[in-house]
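**Student:** Here it is: the structure, laid out below.
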Amino acid sequence: MRHASAALVAALLVVLAGCGGLGGQSLTDASPTIESVDAPASLGHDERATVRATARWAALADGGGAAGSDAPNASLDPVRVTVRIGDATLLAENRSVPANGTMTVTTAVDAAALDPGEHELTVTVGEANATRSIVVEEARAATFAVSGIEAPERVAYGEDLSVTATVTNRGDLAGAQTVSFRYGTAASANRTVSLDGGAETRVTVTFADVRLDGGDHPLVVATANRTRERAVSVIHPSPYGKTTLGLYVDDEAVDRNVSGVVAAATGYWERNDERYLGYPVAYERVDDADAADVVLRFERVERCGVEDDDARYFGCADLLVDEPRTPMTATVDPRISDAEMNSTIIHELGHVQGLEHGDEPVGLMNATSTLATNSPVKVHLRGDDGAVTGPVEDEVAAALDHFAARDDVIGNDGFAWEFVDSAREAHVQITYDERGEVCFADGGGSCTVDGEYYGQQDVRLEELDEEVVAWHVGASLAPVLLDEVPPELTGEADRREREAWPE
């Protein structure tokens with residue numbers, strides 16, 4: 001019986017061997033290898049990524065397992081699978097061995113949980129392991145950049161300019177920064193922007209009442225890290241294409257300093273530019289005629305335009321038509337008084353700015369200058385032996401006040417006057433002379449003669465009683481100030497009427 005049993009056992013072993021259970025590779029000796037590990041070489045400071053590894057059991061893949069089967073292989077014990085990065089465990093579990101001999105391991109790695117720097121990634125499946133290096137990058141500081149500017153191509157002089165900039169934080173960390181806007185050489189504005197890392201926003205600034213010269217001007221939007229620039233053109237209403245005109249003054253022919261007179265005349269246009277010109281103007285003295293927009297010369301003016309042998313010419317100028325010449329020129333006679341010089345410069349600068357005779361302001365732009373076109377009329381009252389005061393001064397003032405009260409004085413909206421201290425400052429002189437050596441040899445009276453300056457008139461009152469001084473002043477000025485001289489101011493008025501005028 002024993003021999004029979006032994007034979008049976010032997011036969012069973014042979015059968016088992018024939019079935020392949022022990023005749024092939026032993027599954028108990030099968031072990032995996034890690035064929036691949038797919039992981040990023042570097043991560044941003046807060047980036048997440050997937051780690052994927054593939055382990056393979058060659059014995060199963062080469063036929064030891066059920067072909068095409070993904071069911072767990074019951075012949076092998078579960079294996080321990082771990083994924084670690086540095087000291088941190090990303091995955092740790094026991095897993096059954098797939099029947100096809102291929103296992104895929106996936107897990108996620110979060111850089112926000114790691115310190116910046118190089119870290120070793122280790123994948124372990126059973127006894128097999130593989131390593132990779134992953135670098136966690138430092139978080140980038142907030143870095144603000146201007147990624148776009150929205151603005152019109154052009155803006156009209158005096159209008160508002162609206163500018164919108166897109167600002168982006170290209171860093172990883174949140175931060176705040178000042179965004180500066182600048183247009184041209186003067187207008188600027190700052191805005192503070194706070195953004196998370198990677199975020200962007202739009203910032204709008206409005207430059208009110210843009211007043212720059214015509215042409216392109218730089219629009220600059222800047223942060224501490226990035227500057228962007230583009231051009232916005234200004235449409236200027238002046239024929240010169242700009243507000244400030246360079247003025248060169250050639251005053252060598254003048255026997256006195258007339259800088260104050262020139263400044264007063266240019267100041268008139270700077271105050272009244274919009275009213276009469278329709279565009280802004282300012283004058284800036286320059287030292288080089290070649291760099292000037294306008295040249296003001298002082299020299300004798302004998303003729304200007306249409307010749308008139310009976311006229312005295314105080315000035316002459318280029319008339320601006322369409323586009324200015326380079327430069328425009330105005331000439332003023334140096335022999336006239338400061339008062340007349342001021343009016344003449346204003347008149348001639350009106351021409352270089354495009355105004356013609358008869359344009360507003362009519363009083364200053366008339367082709368012919370008369371006493372009535374000046375406002376105020378500056379009067380120098382003097383005597384043969386010095387200043388005149390008392391009753392004579394009162395009488396002269398009464399005569400001038402009479403014309404100021406009338407509404408029919410020619411050449412201006414109204415007559416105004418003031419006393420000045422010298423003939424140089426005056427449009428007209430009034431001389432009270434008790435001796436009477438100019439108008440009449442004897443008997444006294446009044447007459448008008450040339451004053452101290454070219455074109456200036458001197459109303460002389462000679463050997464007159466104080467009571468009739470006002471009448472003589474009125475009778476001398478009425479032909480200049482009024483279209484028609486009233487009967488009471490003619491030579492037919494008797495002594496009583498002269499004393500009573502003005503009533």
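The values are calculated or read from the model by the stated rules, or taken from the named source; none is laboratory data. Small disclaimer: the values here were computed from a predicted structure and weren't measured. Reconstructed Cβ throughout: ideal geometry from the backbone, glycine too, with neighbour counts over all protein chains shown. For the accessible areas, the whole protein counts, side chains as well, though only heavy atoms, and no ligand, DNA or RNA atoms are used. Shrake-Rupley method; radii C 1.70, N 1.55, O 1.52, S 1.80 Å.
**Student:** Out of segment 221-294, which GluC sites (Glu not before Pro) are coil in DSSP terms and have no more than 14 other C-beta atoms within 10 Å?
**Tutor:** Hits after loop and neighbour filter: E252.
**Student:** Taking only the C-alpha atoms, wrap a convex hull around the chain and report its volume per residue in Å³ as a whole number.
**Tutor:** Roughly 246 Å³ of hull volume per residue.
**Student:** To the nearest 0.05, what FRET efficiency results for D465 and T244 with a Förster distance of 60 Å applied to their C-beta separation? Mind dumping the intermediate values first?
**Tutor:** On the way: r = 57 Å, r/R0 = 0.95.
Efficiency, from the Cβ-Cβ distance: 0.60.
**Student:** Working from the alpha-carbon coordinates of segment 354-471, get Rg over Rh, Rh being the Kirkwood radius. Don't skip to the answer; put the middle values down first.
**Tutor:** On the way: Rg = 15.4 Å, Rh = 15.3 Å.
Computed over Cα atoms, the ratio is 1.01.
**Student:** By how many nm would the segment from E284 to D450 grow when fully extended, if each residue of separation counts as 0.36 nm and the alpha-carbon distance is taken off?
**Tutor:** Working: separation 166, 0.36 × 166 = 59.76 nm, distance 3.56 nm.
Additional length available on full extension: 56.2 nm.
**Student:** In addition: For F419, F298, write out the residues from largest to smallest accessible area, computed with a 1.4 angstrom probe and no ligands counted.
**Tutor:** F419, F298
**Student:** Which percent of the accessible heavy-atom area of the chain goes to carbon and sulfur, probe 1.4 angstrom? Could the numbers behind the result be given before it?
**Tutor:** Values: 11680 of 26300 Å².
Carbon with sulfur: 44 percent of the solvent-accessible area.
**Student:** Quick check: with the 1.4 Å probe, what order do T370, T331 take by accessible area, largest first?
**Tutor:** In descending accessible area the options line up as T370, T331.
**Student:** If a paramagnetic tag sat 7 Å from the Cα of E356 along the Cα-Cβ line, which residues of segment 266-280 would have the backbone N under 20 Å from that point?
**Tutor:** 276-279
**Student:** Pop a pseudo-label 7 angstrom from the Cα along the beta-carbon direction at both E47 and A416 and give the gap in nm to one decimal.
**Tutor:** Label at E47, label at A416, 7.8 nm between them.
**Student:** Roughly what would the spin-label model give for E503 and R256, points 7 Å off Cα along C-beta, in nm?
**Tutor:** Here the answer is 4.2 nm between the modelled labels.
**Student:** Using a 1.4 angstrom probe, figure out how much accessible area segment 66-174 has per residue, in square angstrom, rounded to the nearest whole.
**Tutor:** Per-residue value: 51 Å².
**Student:** Hey, another quick one. Work out, step by step, the length gained on full extension between D385 and D216: first 0.36 nm times the residue separation, then minus their alpha carbon distance; give nm to one decimal.
**Tutor:** Contour length minus Cα-Cα distance gives 54.4 nm.
**Student:** Right, another one. Please list 3J(HN,Hα) in residue order for segment 240-248, calculated via the Karplus relation 6.51 cos²θ - 1.76 cosθ + 1.60 where θ = phi - 60°; whole Hz, with x for glycine and proline.
**Tutor:** 7, x, 7, 8, 8, 9, x, 10, 9
**Student:** A further question follows. Express the C-alpha Rg of segment 214-327 as a ratio against the empirical globular expectation 2.2 N^0.38 Å, rounded to two decimals.
**Tutor:** 1.45
**Student:** Quick check: the distance between the Cα centres of segment 471-488 and segment 232-288, to the nearest angstrom?
**Tutor:** Taking the Cα centre of segment 232-288 as reference, the centre of segment 471-488 is 38 Å away.
**Student:** Please give the charge dipole size of the chain, origin at the Cα centre, charges +1 on K and R Cβ atoms and -1 on D and E Cβ atoms. Round to the nearest 20 debye.
**Tutor:** Details: 38 positive and 88 negative charges, 1383 e Å.
Taking the Cα centre of the chain as origin, the dipole is about 6640 debye.
**Student:** Still on this structure, I have one more. From zero up to wherever the largest Cα-Cα distance of segment 322-387 sits, split into 5 Å bins and tell me the percent of pairs in each.
**Tutor:** Computed distribution, short to long bins: 3, 15, 23, 20, 16, 9, 6, 4, 2, 1, 1.
**Student:** Which percent, to the nearest 5, of DSSP beta bridges fully inside the chain are antiparallel?
**Tutor:** Values: 82 of 114 bridges.
Here the antiparallel bridges make up roughly 70 percent for the chain.
**Student:** Want the number for E93 to T201: 0.36 nm per residue separation, take away the alpha-carbon distance, what's left?
**Tutor:** Numbers: separation 108, 0.36 × 108 = 38.88 nm, distance 4.62 nm.
Difference between extended and current length: 34.3 nm.
**Student:** Run the 1.4 Å probe and let me know the accessible area of D322, rounded to the nearest 10 Å².
**Tutor:** So the heavy atoms of D322 present about 140 Å² to solvent.
**Student:** Between S147 and E270, what is the FRET efficiency for a Förster distance of 51 Å, r being their Cβ-Cβ separation, to the nearest 0.05?
**Tutor:** Details: r = 43 Å, r/R0 = 0.85.
Between S147 and E270 the formula returns 0.75.
**Student:** Using a 1.4 angstrom probe and counting only protein chains, how large is the accessible area of Y240 in Å², to 10?
**Tutor:** Y240 exposes around 30 Å² with every protein chain in place.
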